[in-house]
Amino acid sequence: MEQSLTVSSSPHITGRETSSRIMWTVFGALTPAAAASVYLFGVMALNVIVGTILLCVWFEVLANLALRRPLATVTDGSAALTGLLLALTLPPGLSLWFCAVGAFVAIVMTKAVFGGLGQNPFNPAITARVFLLIAFPEPLTRWPVPLQTEETLYGQPVAIQMELDAITAATPLGLISDLGAGTVNALASVADIYIGRMNGSLGETSGILLLLGGVFLLLRRIISWHIPVSFLAGMSLVAGITHLLNPAEYVGIPFHLFTGGALLGAFFMATDYVTSPMFPRGKLLFGLGCGLLTMIIRLWGGYPEGVSFAILLMNAVVPIIDTHTRPAPFGKSVTSPKGGADA
Amino acid sequence: MAISPLPVPAQLIVPLAQHIGSPATPVVAAGDTVRMGQRIGEPSGFVSVPIHSPVSGTISGIEKRPGPLGSPITCVIIDNDDNDTPETLPPIPDPKAASAADIRSRIRDCGIAGLGGATFPTHIKLSPPANKPIDTVILNGAECEPCLTADHRMLLEHAAEIVSGLQIFLRVTGARCGIIGIEENKPDAIRLFEERCNKTDIRIVPLQVKYPQGGEKQLISAVLRRTVPSGGLPMDVGVVVQNVGTALAVHHAVVCGKPLYERVVTVTGSAVPNPGNFLVRIGTPVHLLLAHCGANGTDIRKLIIGGPMMGFAQYTDDIPVVRGTSGVLAVGAEESALCTTLPCIRCGRCVAVCPMRLVPSEIGVCCDRRLFDHSGTRDALDCMECGCCAFACPSRIPLVQKIRLVKSEVLAARRKERR
C-alpha cells in the first residue's frame, strides 16, 4: 500500500454534537429574548448587548494571546455566550465602560486566570454581574423604562432581568396602576404587589421567550431537566409557603418565577456545564439550593436580587456535591475506596 | 449480504498467538507438508489453545510478521497446494451422549476461542470451578457494533448449527436454561429462531438496539437482570456467555470434528465498493480481502480490524485474518480526519453514556496530569473500552486512549507493589 494510513485510538466514529455547536445553540436560544429587549428598549439595549459580547470576545483573544493558549475560543462561542448572558443581566443604557469592566471580570478574572475554558469554578457572567453591582451600585440599578410605556404587549411596563429596588425604580404606584389591567400568566394581584416587597416585573414577552429558549435547550438535549426543575421547585416551595401563610405580605409563586433573573438563572446560568454538578442527583441538589437561596435572599436578605448570589454560593459547593453524588459503577454497590482493593 | 467463500490465497500467514493466554508453540518446521486442519501449534500452558493449518500445503517458514494489534507476531507461513486435503478429528454425532470432559477437550483440541472478538479460550470458559455452578448459557447474537453483519448472516444461514452449539454448551456446563439474545434490528433472525426453538427450552430474547448491548455484562443485565460484580466474571452470577459464531464453530468441532481454521468476516466501509460477508481462511492477508471487494489501495485512509467503536486501526494492510477478526473496515479521507480537541467542559455526556457508570472525563484529567494514583482512577479498571464516552464527547477528547493509558499505569503500579 503506497499511501499512509491514519492510526488512531478507537472509537473511530464520533457523535454529531461538538462543544462549539452547543455554545452557539445556547446563544441562539437566548437571541429571541435579547431581540425582545432591543424591541422594548431600542438602541440602548443593542449597545449593551453587542458591546458586551464584543468586549468579552476581545478580552478572550487578549487573554489567550497573553497566556499562550490556542485562539480557537473566538469561534467556539464560549466568550460570545458569556457576553450575551452578562448583557442580559445588565440594565439597558449602561455605559460601555462598565460593560468593559464586566467583560474583564468575566473573561479574565473569572475564567482565564483559572485555566480557561472548562476550568472556572464560578459562573463568569454571574460573577461579573455581582462585581458590577457591588462596585457600581448606582448605575447598575438605574432602570430605564421601556419605550412603550403606555402600550406594551401585556398592559404593563416591562423591564428585562430586573429586580426593582423600591427606592430607585419607577414609581411603584405607576406600575401598580398599569398592572391593574389584565395581566398575563397570573401575576400576583394588585394588593399583593402594593403591600408586598416590590420585585421588578419581568417583561412577560421576555419571560415567555426565555422559557421557550429553555424548553428548546431541553428538547435539544443541551441541558437536562434536573437543574431548571429543582431550581424553580425550590423557589416555588418557599414562595408558596410564605404566600399561603401570609398572602398580604408575600406574593405568589408565578410572580416570583417570572420576575428577576429566575428564568434566566434557572435555564441558562445555573445549567452552565462547567460550574454545575456532573451527576443527576447532584444537579437536583444544586438546583434546589439555588432556588431556596434565591428566595431567602429575595425575601429576607439585603438585596432585591437573589438569583446571582444564590448561583455563586452554590457554585462554591459544586465540588463537594460532585464527590458525594457519584453514581456507583456497574457491579459495585458503592464506589471503592482510594487505591481500589478489588481484583 | 449473504456469506460467500473467499478464494483461498496462495500463501497463508498464520499467527501462533490468536487468543488470550499464552501463544501456541510451533510443532512444524520449514519444509513440512501439512493437511487442512492439522495442528501446527501446541497449546503452551493452561490458558492456551492449539493452532491449525487452514490449508493443505508446505510450511514455508516461521517468522515474525506485522500483527493486528500493532506489534509483530510469530507466524507460520504456509504455501497452499490448493488441494484442501482435510484432517479432521473423529466426529461426535450425539453430544448428549458424550461426557462433558470429552466435549471440553474436543473444543480445546479444535482451537475454539471466543469469536466475538475477545478470543478467550472457550474450553476454559466452559470449565468454571465447582463452587460457581452455571444455570444459564446465553448466546450473544447482539452484534451491536455498527457496520458488522457477520453474526446476523450466521444466524440466518446456520440457525440449526447455532442451536446445536448452544445445546452442546448446555450439556458441558450442566446449565438448565439456554437463551439466545438478538438485537431488534434483526427481526428476520428473531423470527427464524423463535420458530425453530418454539417447542424447545431455548428462549429467544429480543434486545433493545443500544450499543454496547453485546457487552457480556450488559447482556446479562438486560436478559437476566443479574449484575456481574466489578472485577468478576459472568460465572459469578451463574452464567456463561458465548458468541453465536463460537457456537457455530463448536458445533463443527464436536459434531463434525472440524478444527477452527476459517471464520466469517464482514468487509465494509466507505472505501469498499463491494462490501460483503465472507467465509475466510485464517491467515488470509487483509489486502486480499480488500482487493476481492474492489477496494482501491489509494482510496483507503484508515483500515480498522473490528468495528468502528472498538476496532483497531492498522498501519499496514499486510496483516492476516485471525480467529478474532470479525470485521475489516476501510474508510476514506473524510471519515479518518482527526478532530481538534477542546478542553473538557464538564458537560457530563460521557458519564451519562458510560455502560459501566464510570466518570471518563475525570479519568481523562488524571491522565493529563499524570495522577495515576489519584482517587479519580480507582474505577478505571472497570472500563471495557467500548468507546461510548469518546463518541459522545463534544470536545472530541480521546477518552478511551487516555483511560487505556491510566489502566496500564495502574496495572503496572500494582505489579510493582506485589514484588
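Values for this structure:
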{"quantity": "Dipole moment magnitude, nearest 20 debye, chain B about Cα centre, only Lys, Arg, Asp, Glu C-beta charged", "calculated": "1520 debye"}
{"quantity": "Alpha-carbon spread of segment B:32-160, three principal axes, descending order, Å", "calculated": "47, 39, 32"}
{"quantity": "Average beta-carbon neighbours from other chains, 10 Å sphere, peptide B:335-343", "calculated": "5"}
{"quantity": "Overall Cα dimensions of segment A:3-55, principal axis frame, Å, largest first", "calculated": "59, 20, 16"}
{"quantity": "Peptide ranges B:360-373, A:262-275 listed from the most packed, as the mean C-beta count within 10 angstrom indicates", "calculated": "A:262-275, B:360-373"}
{"quantity": "Footprinting exposure proxy for B:Glu157, B:Glu417 (fewest neighbouring C-beta atoms within 10 Å first)", "calculated": "B:Glu417, B:Glu157"}
{"quantity": "Kyte-Doolittle at least -1.0, axis length at least 18 Å by Cα - qualifying DSSP helices, chain B", "calculated": "B:159-173, B:399-418"}
{"quantity": "Inter-chain shielding of B:391-397 (mean C-beta neighbours from other protein chains, 10 Å cut-off)", "calculated": "6"}
{"quantity": "Virtual spin-label span in nm between B:Asp373 and B:Arg225, 7 Å along Cα→Cβ", "calculated": "4.4 nm"}
{"quantity": "Kirkwood Rh in Å, taken over segment B:257-305 so that all alpha-carbon pairs contribute", "calculated": "11.6 Å"}
{"quantity": "Amide H contacts under 5 Å for B:Arg203, placed H, 5+ residues apart", "calculated": "B:Gly178, B:Ile179, B:Ile180"}
{"quantity": "Separation between Cα centres of segment B:288-326 and segment A:11-66, rounded to whole Å", "calculated": "44 Å"}
{"quantity": "Approximate spin-label separation B:Leu89-B:Cys256, in nm, with each point projected 7 Å along Cα-to-Cβ", "calculated": "1.5 nm"}
{"quantity": "Karplus 3J(HN,Hα) series, Hz, for segment B:47-64 with 6.51 cos²θ - 1.76 cosθ + 1.60 (x for Gly, Pro)", "calculated": "8, 6, 9, x, 10, 10, 7, x, 9, 9, x, 10, 6, 8, x, 10, 8, 7"}
{"quantity": "For B:Ala271, distant residues with modelled amide H under 5 Å away", "calculated": "B:Ala330, B:Val331, B:Gly332"}
{"quantity": "Computed over segment A:242-343, the ratio Rg/Rh where both radii use C-alpha atoms and Rh is Kirkwood", "calculated": "1.14"}
{"quantity": "Solvent-free Debye scattering, log10 I(q)/I(0), computed from the Cα coordinates of segment B:138-224 at q = 0.12, 0.22 Å⁻¹", "calculated": "-0.32, -1.10"}
{"quantity": "Value of [θ]222 nm, deg cm²/dmol, for the protein assembly as shown, DSSP H segments ≥ 4, -39500 (n - 2.57) each, nearest 500", "calculated": "-11500 deg cm²/dmol"}
{"quantity": "Average silhouette area of chain B, convex hull of alpha-carbon atoms, in square nanometres", "calculated": "20.8 nm²"}
{"quantity": "Equivalent ellipsoid dimensions for segment B:344-419 as semi-axes, Å, which come from the Cα gyration tensor, largest first", "calculated": "22, 12, 10"}
{"quantity": "Net lengthening on full extension, A:Arg68/A:Val43 (0.36 nm per residue, minus Cα-Cα)", "calculated": "5.3 nm"}
{"quantity": "Other protein chain Cβ atoms within 10 Å, averaged over every residue that makes up A:277-287", "calculated": "2"}
{"quantity": "Inter-label distance, nm, simple model (7 Å from Cα along the C-beta direction), A:Leu245/A:His324", "calculated": "2.5 nm"}
{"quantity": "Modelled FRET efficiency - R0 56 Å, B:Ala130 with A:Leu96, Cβ distances, 0.05 increments", "calculated": "0.10"}
{"quantity": "For segment B:192-224 versus segment A:224-241, the gap between their alpha-carbon centres in whole angstrom", "calculated": "42 Å"}
{"quantity": "Dipole of the protein assembly as shown, positive direction: furthest Cα of A:Gly301, B:Thr246, A:Val38, with charges on the beta-carbon", "calculated": "B:Thr246"}
{"quantity": "Size of segment B:292-415 as Cα extents on the principal axes (Å, biggest first)", "calculated": "50, 34, 24"}
{"quantity": "Unit charges on C-beta of K, R, D, E only; dipole of the protein assembly as shown, Debye", "calculated": "1760 debye"}
{"quantity": "Radius, Kirkwood style, for segment B:269-353 when every pair of distinct Cα atoms is counted (Å)", "calculated": "14.3 Å"}
{"quantity": "For B:Glu183, residues with placed amide H under 5 Å, excluding near neighbours", "calculated": "B:Ala142, B:Leu207"}
{"quantity": "Most positive-pole-ward Cα, B:Phe46, B:Val265, A:Tyr273, against dipole of the protein assembly as shown from beta carbon charges", "calculated": "B:Phe46"}
{"quantity": "Coarse-grained scattering of the protein assembly as shown at q = 0.09 Å⁻¹, given as base-10 log I(q)/I(0) from a Debye sum over alpha-carbon atoms", "calculated": "-0.88"}
{"quantity": "Directionally averaged shadow of segment A:1-138, computed from the convex hull of its alpha-carbon atoms, nm²", "calculated": "11.3 nm²"}
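Only the coordinates and a few stated rules stand behind these numbers; no lab work does. A quick note: this is a predicted structure, and the numbers were derived from the prediction, not measured. Counting neighbours? That spans all protein chains shown, and the Cβs are built from the backbone with ideal geometry, glycine included.
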